[in-house]
Amino acid sequence: MKYNIDFEIAAFIISFLTLAYYLASPKLKNRLSYLFFAIGIIATVVPVLNITALISDGVGQDSFIYSVNICYQILLHALPLMSVFYILELTGNLTGLKYKYALAIIFPYFVLVLIILTNPFTGLVFYTDEGRFVAGPLIGIFYIVYFLYIGLCLFVMFSPNQKVRSKYKCTYIVMLMVQAASLCIQYLYPKYQVIDFSLSLSVLFTYIAMQPSAELTDPLTKALNYFALDSLLSDNINRKKPFIILGYSIDELRHINEVYGEDWGNELLTNISHTLSTAGQIARIYGNEFYVIIKGNKTTDEVYDFAEKLPKTFKIKNYEIPIGATIVIADSIYFKSSEMLIEFMEFNIRHLKDEAGEKILVIEKKQIDSFNRRQQVVNAVTRAVGEHQLDVYYQPIVDAYTGKMTGAEALARLNDPVLGWISPGEFIPVAEQTGLILELGKCVREKVWLLLSEYDIERAGLSYISVNLSSIECIQKTVMEEIVNESKKYNVKPELVAFEITESAAVASKEILAYNINTLRENGFKFYLDDYGTGYSSMSSLISLPFSVIKFEKSFIKLAMEPMRGDLVKRIISPMQVYGVRVIIEGIEDESLAGKARSWGVDYLQGFLYSEPLPKDAFIQYTGIEKKIKKSEKTKL
């Protein structure tokens, strides 16, 4: 048979160049790198052996062809075996792998090698006939073992308990599909030697997707960069090597650069990096954020002492520059992946920056539990949004003097199949922090649109349903456009919908908010100011925004129940009504609160005294609203 060696030549070129580039680039000295290096060497040698065997086919001596083919087959089938160990190391399963499991993984390859080595006496796998290679009756066993290792790689990579990055999974799916296809092609058409070519592509894909990038250090401070830190953390966590990690985030670095100049700021970063490196291996992953990996059986208490003694000023060109920093210290024993560790550290650094007081936090189990709970809530919100599991409850709002219902507030509720009922006070802040609030808000609006499109709330005496808008939604022009389009899609009159905006959102983004509010008001929507009394806004700043109703938060009202404060509340409410702004008081739980609110001259009341938030069906029954009569039904009447 005349073989086509073009694919073998291409395989050698790809493997050789990949290996050369790998050797010329900076690299981390860990087990994953050593395994990749070994795979690269074999992938480069294998096509050379096969080219030699194919060129010699029919012209060389039998003993030479035998020797080359034996070496080729042994090395070729070592690659899928080594790929299994590479995946085990990548997923953190190689360290601690039981001896019996390691032997079980190696056993098929061991049997294959025995068959290959005894083949000169049996001819079961291949033999030569007048200098030509001829496949034996058991040649198919090579393909069986190859597919066995491919399947094992898939099993390890996609096991339910494995936290493997999506890009790794996608890369390996492509690699294994290419290898499986090449096996089938070569089995059906032996003339085309494509297996080695697919292996060389796999080596290339592995290098691009899974090996550290060429640059491992930060050019300014010479500390490790993010990618190198990630690889180093993964290696230590996977091999169960304990360490303490210290996260150090410089406060107000931008201000320092503005006051002293970027050159001084860069010198400051270099000095801080050098100081931190005295404790362990240093990495700089953002402009103002460093991480230190501290080994040697150090305790968190010892690292805390080190953090406390860090300089509060750094000398640059004979000037003392004061430095504030947020520091988080954690033990590696709590974490199963580098991704989880870095995400956890960043979350706590951001959280600690927002708090007053101590800027050094030593992570304890309660913080880990809190973070894990937060991640579970994130997953729950993601599920609710993606699978339309979010519920909307409605709480009636009544006239303060007649007790007649005038409207209702739509409230998001989440009953997760895994976590059960989750408080809005828990899942809404998480949704805001993760950006899921945009999709969550859209889900709530959709259910309100559906209610208003199906039921005639006006016939039941209700003039509106109010919907909360988060501070993130308030400043999104696209959200305002979506609201207008949604109302048209569901054929809902805009005047039936009011949007509630918190006081903090109104003050923080007043100019953008004013534009967005006016845009929707022009289309007929109303706007309410929610939770008045929880922020620090001035009356003028709120009156300047076109709110038709202001809602007082219940804690504000409870404070006003104290002697001598009722008149103050009345004086706050009166100017609002002069401007034509109506007032709602939330949290009315008993008649004494209701009576006090009426004495202050409020317009509307909301609270458990009148009704708790109700699911859709209960709300419909409670209010007596009926379905709209369709045009076709009107014609019949």
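A compact table of results
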{"quantity": "Residue ID - nearest to Trp600 (Cα to Cα), chosen from residues in the stretch 393-418 that are assigned to a strand (DSSP E or B) and among the polar types (S, T, N, Q)", "calculated": "Thr406"}
{"quantity": "Selection within the stretch 255-288 - at pLDDT below 90 and of a type in the set (Phe, Trp, Tyr)", "calculated": "Tyr260, Tyr286"}
{"quantity": "Residues of the stretch 227-254 classified as in a helix (DSSP H, G or I) and modelled with pLDDT under 90, total", "calculated": "12"}
{"quantity": "Filter result (among the hydrophobic types (A, V, I, L, M, F, W, C), under 20 Å from Tyr393 (Cβ atoms) and part of a loop (DSSP other than H, G, I, E, B)) within the stretch 594-626", "calculated": "Phe608, Leu609, Ile625"}
{"quantity": "The stretch 87-113, subset modelled with pLDDT of 80 or more and β-branched (Val, Ile, Thr), residue nearest to the chain's Cα centre (by Cα)", "calculated": "Ile87"}
{"quantity": "The one condition in (1) out of contact with any helix residue (DSSP H, G or I) (no Cβ under 7 Å at 6 or more places or on another chain); (2) in the same structural domain as Lys404 (by TED's automatic domain parsing); (3) at pLDDT 90 or above; (4) not hydrophobic (A, V, I, L, M, F, W, C) that Lys616 fails to fulfil", "calculated": "(1)"}
{"quantity": "Residues of the stretch 292-349 satisfying the condition of being β-branched (Val, Ile, Thr) and without any contact (Cβ under 8 Å) to a residue 24 or more places away in the chain", "calculated": "Thr313"}
{"quantity": "Entirely in the stretch 274-389, the strands (runs of 3 or more DSSP E) that have 1 or more residues that are within 22 Å of the chain's Cα centre (by Cα) and of a type in the set (Phe, Trp, Tyr)", "calculated": "281-286, 289-294"}
{"quantity": "Boolean, Tyr536 is more than 22 Å from Tyr464 (Cβ to Cβ), at pLDDT below 90 and within 34 Å of the chain's Cα centre (by Cα)", "calculated": "yes"}
{"quantity": "Filtered residues of the stretch 12-67 (kept if β-branched (Val, Ile, Thr) and either modelled with pLDDT of 85 or more or not assigned by TED's automatic domain parsing to the domain that holds Val134 (or both))", "calculated": "Ile13, Ile14, Thr18, Ile39, Ile41, Ile42, Thr44, Val45, Val46, Val48, Ile51, Thr52"}
{"quantity": "Selection from the stretch 450-488 of residues that are touching a Ser or Thr at 6+ places or on another chain (Cβ under 7 Å) and in a helix (DSSP H, G or I)", "calculated": "Ala460, Ser471, Cys474, Met480"}
{"quantity": "The stretch 255-269, residues that are surrounded by fewer than 16 Cβ atoms within 10 Å (Cβ to Cβ) and assigned to a helix (DSSP H, G or I)", "calculated": "His255, Glu258, Val259, Glu262, Asp263, Asn266"}
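The values are calculated or read from the model by the stated rules, or taken from the named source; none is laboratory data. If you're wondering where the values come from, they're calculated on a predicted model, not measured in any experiment. With ideal geometry, Cβ positions are generated from the backbone for all residues, glycine too; neighbour counts draw on all protein chains shown.
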